[in-house]
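The values are calculated or read from the model by the stated rules, or taken from the named source; none is laboratory data. Everything numeric here is computed off the predicted structure, so don't read it as measured data. Here the Cβ positions follow ideal geometry from the backbone for every residue, glycine too, while neighbour counts run over all protein chains shown. In case anyone asks, the SASA skips ligands and DNA or RNA and just uses the protein heavy atoms, side chains included. Shrake-Rupley method; radii C 1.70, N 1.55, O 1.52, S 1.80 Å.
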Amino acid sequence: MKKDFFERIIIIVIILAVIQVFLDEWSRYEHWSALARNSLIIAGILFDIIFSIEFASRFTLAYKRNKVSRYWKYERGWIDFLSSIPLLLLNLPAVYLILSGNPEEGAAASALYNFSIIFKDMKFTRILRFVRLVKIFGKLPKAGSPMAKHHISVVSTTVVCTIIFTLAVFSLLSSARHQKELERTHFFDNLISTVKYLESKSGISYNDVAEKMFGEQNNLLKLTYKNEIIISRITEEKLNKYFAKEDYSSVNNRGFILYFSLVDLNREEAYNNIIFFLIIVFIFLSVIFLYGRHFASTVTDVINTIVAGFRSRQHNKNVKIRDEFNQDEVYKLAKFYNDIYLPAKSRRINKEEHGRQT
């Protein structure tokens, strides 16, 4: 009873965790408030903790029963592991920085910030969270054919995990988002240098030069020179409410401090992750329902009919053999069952009944 209750709770938590993964990306795409996005990140770490406790509990129980190998290989322990402890360790820096405030204060905080930036820019941890979609199938009720459930589980896990790990590897090898941020940083840094150069050569006030140079730069948020605001396109209140650390960066050059937005880069990255998420969901569902139906009609239904014929004296139903699959081993068995076993079974039954009558 306690085990069933525990499993139901875990299923609910998995579903909530999958929803959290989607909302985390959607919040970045729609640019929700920093508080809302940080709350989703903290919710994610809470799920990481719950799944880590679940994995530790299952692993400990398997160890006590001397069934670690079975749990790891056949009961999807490796899925439980990948969706728990590694994600917890990779996401702790981001949560620490949210709770601690300024990421630039202190060497430890700075190191954690740099660590989180690396994995944030490469999307590794965000993509790895998609593994939780695979956890759902392993927790579904075990109704129906055990063989069908096992084979569909293997196929869905193999396909989905291959896609996820391929995306994760490419995210580690690719630095497109980070490169775009560097290019934007260099661009604004060069513009500031140009402003100072034109001011020295033309004698025009740096305010006038800066306003002309930066007037059409949509990503510019604020430009100051020695604490004097030259250009401001966002209030402090809005900046604090809607801009987390990942949403903007700054350039400090010759007394100028320029803040520029990275929201468009985050939105592009979130859009790609949402597409990946939906692709994985649809592939996962198609394997379960489409392949599951195909497997049931071409394998389990055939075998169930044959088994029923072996077990029941009254069951004499022929297996319907589909011409397009007649070379499959299961249908070769079905042909033997139809052509050899059932006639022999009928002859035996008739002989037994005839013997009783005489």
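Below are the figures for this structure:
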{"read-out": "Exposure of Asp189 as accessible area (Å², to 10), given a probe of 1.4 Å and all protein chains", "value": "50 Å²"}
{"read-out": "Among Ile85, Ile163, Ile340: highest mean-square fluctuation, GNM of the chain, C-alpha pairs under 10 Å", "value": "Ile340"}
{"read-out": "Trypsin sites (Lys or Arg not before Pro) within region 245-332: DSSP coil, no more than 16 neighbouring Cβ in 10 Å", "value": "Arg254, Arg313, Lys317, Lys320, Arg322"}
{"read-out": "Within-15-Å neighbourhood charge of Gln20 [Cβ basis; K, R +1; D, E -1]", "value": "+3"}
{"read-out": "For the chain, built as a Gaussian network whose Cα springs stay under 10 Å, the top-fluctuating residue of Phe81, Phe336, Phe187", "value": "Phe336"}
{"read-out": "Rounded accessible area per residue of the chain, 1.4 Å, Å²", "value": "58 Å²"}
{"read-out": "Residue among Arg347, Arg132, Arg233 with the largest mean-square fluctuation in a Gaussian network model of the chain, springs linking Cα atoms under 10 Å", "value": "Arg347"}
{"read-out": "Mean residue ellipticity (222 nm) of the chain, computed from DSSP H runs ≥ 4 via -39,500 (n - 2.57), nearest 500", "value": "-22500 deg cm²/dmol"}
{"read-out": "Orientation-averaged projected area, Cα convex hull of region 229-320 (nm²)", "value": "11.2 nm²"}
{"read-out": "Inter-label distance for Leu61 and Tyr341, nm, one decimal - labels placed 7 Å from Cα along Cα-to-Cβ", "value": "3.7 nm"}
{"read-out": "Nearest 10 degrees, 0 to 90: helix 2-29 Cα axis against the chain principal axis", "value": "40 degrees"}
{"read-out": "Aspartates and glutamates whose Cα lies under 17 Å from that of Lys226, excluding same-chain neighbours fewer than 8 positions away", "value": "Asp189, Glu199, Asp208, Glu211"}
{"read-out": "Solution diffusion estimate, µm²/s, Stokes-Einstein, the chain, Kirkwood Rh from C-alpha pairs, 20 °C, viscosity 1.002 mPa s", "value": "85 µm²/s"}
{"read-out": "Hz values of 3J(HN,Hα) by residue in region 306-313 - Karplus curve (6.51, -1.76, 1.60), Gly and Pro given as x", "value": "5, 4, 4, x, 5, 8, 9, 5"}
{"read-out": "Protein accessible area in the chain, 1.4 Å probe - carbon and sulfur %", "value": "61 percent"}
